1. Of all accessible surface on chain A at a 1.4 Å probe, what whole percent is carbon and sulfur?
2. Got a sec? Charge dipole of the protein assembly as shown, +1 on Cβ for Lys and Arg, -1 for Asp and Glu; which of A:465, A:796, B:140 is way out at the positive end?
3. Are there chymotrypsin sites (Phe, Trp or Tyr not before Pro) in segment A:319-391 that DSSP marks as loop and that have at most 11 other Cβ atoms within 10 Å, and which are they?
4. For residue B:30, what residues show an amide H to amide H distance below 5 Å, using hydrogens built from the backbone and excluding near sequence neighbours?
5. Of all GluC sites (Glu not before Pro) in segment A:137-173, which ones are in loop regions per DSSP and have a Cβ with at most 12 other Cβ atoms within 10 Å?
6. Want the number for residue A:600 to residue A:448: 0.36 nm per residue separation, take away the alpha-carbon distance, what's left?
7. Can you give the local net charge around residue A:294? Use residues other than it whose beta-carbon is closer than 14 angstrom to its beta-carbon, Lys and Arg +1, Asp and Glu -1.
8. Please give the Cα centre distance for segment A:385-427 versus segment B:117-174, rounded to the nearest Å.
Amino acid sequence: MTTKQFGAPVQRTEDVRLLKGNGRYLDDLGQDALAAAFVRSPHAHARIVDIDVTDALEVEGLVAIYTHEDLPGRVGEPLPLLIPHPAIVAGRTGYALAKDRVNHVGEPIVMVVASDRYVAEDVCGRITVTYEVLPPVVGVETARDAKHLVHEDVAGNVAGHLVQEVGDAPAAVDSAPHTLELDLKVERSACIPMEGRGVYARWDADDESLRIYTSTQTTTGVRAAVATKLDLPLNRVECIAPDVGGGFGVKIMHPWPEEVLVPWAARLLDREIKWTEDRREHFVSSAHERGQVQKVRVGFDDEGRVLGLDVKIWHDNGAYVPYGLIVPIITSTQLLGPYKPGAYKVEFWSLYTNTVIVTPYRGAGRPQGVYAMERTMDAIADYLGKDRVAVREANFIQPDEMPYDHHMIFQDGRPLIYDSGDFPGSMDKLKALVGWQDFEDYREQARAEGRRVGIGVACYVEGTGVGPYEGGHVVVESTGKVVVSTGLTSQGQGHETVFAQIVADELGVPLEDIKVTTGDTRKMGYSVGTFASRAAVMSGNAIGIAARNVRTKALRIAGEALEVDPGDLEIVDGIVRVKGSPTSSMPLGTVAVLSNPLRYAFDTASQAATQFVVGDPDKPPVAEDDEPGLEDRDFYSPAQSTYANGMHAVIVETDPETAEIKILRYCVVHDCGNIINPMIVEGQIHGGVAQGVGGALYERMEYDENGQLLNASFMDFLMPYVTEVPDRIEIDHLETPSPLNPLGIKGAGEAGVIPSAAVFASAIEDAEGFTITSMPISPSELYALRQRFAAGEIPALRGRSATASTATTPTPVTEATTR
Amino acid sequence: MTDQQAEQTFPITLSVNGVPRTAEVPARRLLSDCLRHDLRMTGTHVGCEHGVCGACTVLVDGAPMRSCLMFAVSAQGSEITTVEGLADGETLHPVQQAFKECHGLQCGFCTPGFLTTISAVLDDNPEPTREEAVEAVSGNLCRCTGYQNIVASVLRAAEITRERSAVAIDEAGR
Ligand code: FES
Ligand code: FES
C-alpha cells in the first residue's frame, strides 16, 4: 500500500534546490537587464517645485530618466484602489511617480534606468529636486487633531469610517452591574521579509507580449493591474513569481509603483529592465502595519460575562489606502475572538498620515483586535478579583453553539459565522500544557528567590481561507509523472510539498513523481493570491477536487481497457490495478496515453493510443462530454471563510533592576482543522511566534515628528535574532475539522503572531502588578512605567496584592464615569 | 569623477569553490555583487547590504565573511566558498541535510548564509553544545523560521557528520 501522505510530517520537496543555492529569486534573474533606481522623497510632506536632471545627463551608462510628466495615459493616473469598500469616505492612492506633491518619505519621484545599479544610483545622486516643505501629519493623535491635512481635500484626515453594531451596546454597557474603560495603543511594525520587493520585465516586440517576474504574493493581480495600466490585452501579459524570499503580507499589495514602471519602461525602451529593492527602500517605500489607538468601554456582570462592548478604533493607514480598509475591518470583526458579548458596537476611523502606507502584515489587524479584547478580559478579571482564565471561559462560545453567527459582516463582505471550534476544549489543553493551576506556587517560589515572574494568556479566532476562489490543475503525463499547478504564490510555506501530499493520496503516486508549480499565470491564469492563511484551504481543496476528478477518469479509462468495473480498481504506487488481483493492472502513464486518442505516434508508448488501437469505431474518439488527456482543472469557491482558532500562554521573568523581559516558556494550543503536514504547520507557528515576540518586545517604526523614519535599517530596527526567541515553543493541536471544505482544513499561516501583543501584555502586567496599555514594550519603557507606578501615577492591579516592590492602594483600572 | 569616462576596472582572480575565476570589476564592486552578477553564482543572497543579516556570508579562506562588506578587489587571490560549494555532487553537506530533516528553512532566502556560517563553525567545533549551537547562528537573521529548527539543524548536522565518519571508518575497516 502507498502510505498516506496527508497528515504526515514529510520533508519538503522544495528544499534540495534551495539548500544547494539553486533557488531562483527575483534578483537572480535577468542578469543582462538594465537596472532601475529611484529618486525618493526625503520629506514626509512637500510640494515638488522643480526637478533638475542637467547634472545627471552625462553619467556614462545612463539610459533614461523619467518623471511624472513622462508617464502617458493610465500609467500617469493614480494607482488603483484595490478594495473599494463602501466605508471609504475619501480614498486616495499615490501615483507611480509623484505628481506635484509627496506624502511620505520614500515616495518615488524620478525613475532612472542605467547599465547597472551602481550607475543608476550615481545618476539618482545627481538629480536635484527642489521642494516646498509642508507640515507633516505623523501618528494617530496628530491625524485625529487634523490641525494639518495630509490631502488638502480630505477633511479630518479621515479615509474611512465604519460602524458595526449588534444590539444596543452603549445601553448594555451603561446598564451593566460593572463597567470599565480602557485606553490602548499599539505601535507600527512591518513584515520585513528577508528578500525585499523586486520586478524584472521583458518585452517581446515580435510577439507583442510582456513577461513580468515579480516578488509578489499575487501574480494574477499584478498581471491584471499592469495589463490595464499599459493598455495590453490580458493574454499578452504573463506574470511569474519566482522563488520569493518571504512575504508576510507586504507582497500582496499591488501594483507597486515599480511593478507598473519597470514593465512600462521595458516596453518603451524594448530592453529588459530589473529593479531590486534595497533594505532602506523596503523600510521607507513598502508598507507597515499595526499602528492603532483604541478605546474600549465594557459592561459586565459578577461572573465577568460581557453584557456590552463598545469599541472605538483610530487606525493609522499612512499616506494612501490602495488596499482599502481591510486591516481595520479585520481588527473590528476579529476582535470578538472566541467570545459572545451580549451586545457589540465597534466604530473605526481610518486616518491618513504622512508615513508609509499600511497594508496587511501577517495577522492583518487581528493582533490589534485580540489585544483590545484580551486586555479587556484581563481588566475584567482583575476588577472582579477573578481568575483570568475563568473570565474567558465565562464568555466562550460553546461547541454546541457552532456554527455561531455574530451577525456582523467580515472583511470579505460575507457574514461572520464561525464554522467550528471547541474553545473550552482548547483552553483545557492550554491550562494543562502551561500548568496554569500551579503557577501561583511557581510565582511564590520565584519570589522567594528574588525573581519576578508573570503568566499571560490570550485567545483568538482567525477567519482563514477567504474567497473568492482558487483553482487547481492536475495532469498525468504519459511518463506517469504528475504535474500540478495552482495560481496562488509561495513564499516559503512549503506549498510544493503539501499540495503534492494531497495529490499523492488521491492518485496513488509517490511524492517524488509530483511536480507542483505556483504563481505562474502561464500555468493557471485564474487565481487570487496568497494571504489570509488561505493557500492550504483554497488551493489545497481545489487541487484535491481536480485530483479526484483525474482519479475518476483514470479508473474509467483503465476499467475500459482492462474490461473491469472501475469500482473494482485501485491505484497503488502509480499502477492502476484490480483490487485483490494485482496482476491485472496498467501504469497510470499508460492510462494517460490512452486518454488522448492519437493520429501520430511519436514513440512506442504512444502507438498504443493511435486510432487503429483504441476506441469503439462506432463512437467519436473523444466522447461529447469528455476531453482528451488525463487531466482536470477545477476550482474551489467557498460561501464563507473557515475560522481557525488558538490560545497562547507565556511565562516571562522581568528583571527587578534592569526591567529586561525574559521568556521562560511559550505554549500554543492551535486548531487549524485537519493538518496536512504537522512539521510545516509547526514551522509556521514558530515563525509567527518569533514575529510576535518581535512585535511585542522589540520592533517599532520610530518616526520623528517630521515623518523621518529613524530606524530604517537592520542596525536600528530590532528584529529578533535567535537570542531573542524562546528556545522551544510548546505546541498542542486540537483538530476540529472544518465542515466547510472537503479536506476539513483551516488556515494556519498567521496563527503564531496573532495573540502576541496581548499575551505579552498580560504576562508582563501579571509580573509587575500594574496595567500595561501600550505595546510594544521595551525594557526602558517598562523601567519608566515602574517609576511612574512607584510615584503613584499609574494604579496597581486591584485583584491581588501587587508583586512590585511598591504596593499602592488598589484602584480600578479606569472606572467609567457616567456621563 | 569625470562623467564621460567609463569607470576604471581591475582584473581579479579568485578561487570560488575550488574553481579559478576571473572578473573585471570597478573598485567599488562589492564581493556579493561580483559573485552574484559578474560570476553569476546567485546562491549567495543579499538581505541588507549593511552587514547585519548575514545572508551574504561566504567563507573567505575558510573564515565566514559578509560578502556585502567586502570589495571584490580585496578578495583578489582568495579561496572563496559559497553555498554552491558545500554539497559533494548529489550528496548534501551535513548542514544542508540537517536543514532538510529539521525543517530549518522556509523561504530559503537567509539559508545560504546560515549554511556557510554553520559549516565553518562545525569545522572548528564538531560537537557543539546547545549553547554553542545558538551562539553559532546568533549573528544571522531569519524572518521565517523562528530559529528553533535552525538550532536543531546545527545539532543534527554535527550528528550527521559523526554518523558519516563512523560509516566511513567502518567501510575503511572492512
Ligand atoms: S546582506 Fe550582507 S549582511 Fe546582510
Ligand atoms: S527561511 Fe525565510 S528568512 Fe529564513
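The values are calculated or read from the model by the stated rules, or taken from the named source; none is laboratory data. Keep in mind that this is a model prediction, so the values were computed, not measured. Don't worry about glycine lacking a Cβ; one is built from the backbone with ideal geometry, like all the others, and counts go over all protein chains shown. The accessibility values were calculated without ligands, DNA or RNA, using every heavy atom of the protein model including side chains. Shrake-Rupley method; radii C 1.70, N 1.55, O 1.52, S 1.80 Å.
1. Working: 14300 of 28930 Å².
Percent of accessible area from carbon and sulfur atoms in chain A: 49.
2. Projecting each Cα onto the dipole axis, the largest value belongs to A:796.
3. Numbers: sites: A:320, A:323, A:339, A:344, A:348, A:349, A:352, A:361, A:371, A:383; in loops: A:320, A:323, A:361.
Qualifying residues, ordered by number: none.
4. Those qualifying (amide H under 5 Å, at least 5 residues apart or on another chain) are B:72.
5. Details: sites: A:141, A:152, A:165; in loops: A:152.
Here the sparse-neighbourhood loop sites are A:152.
6. On the way: separation 152, 0.36 × 152 = 54.72 nm, distance 8.63 nm.
Length gained between residue A:600 and residue A:448: 46.1 nm.
7. Values: positive: A:144, A:185, A:290, A:295, A:297, A:312, A:345, A:366, A:375; negative: A:141, A:181, A:183, A:187, A:310, A:316, A:347, A:374.
So the environment of residue A:294 carries a net charge of +1.
8. Centre-to-centre (Cα) distance: 44 Å.
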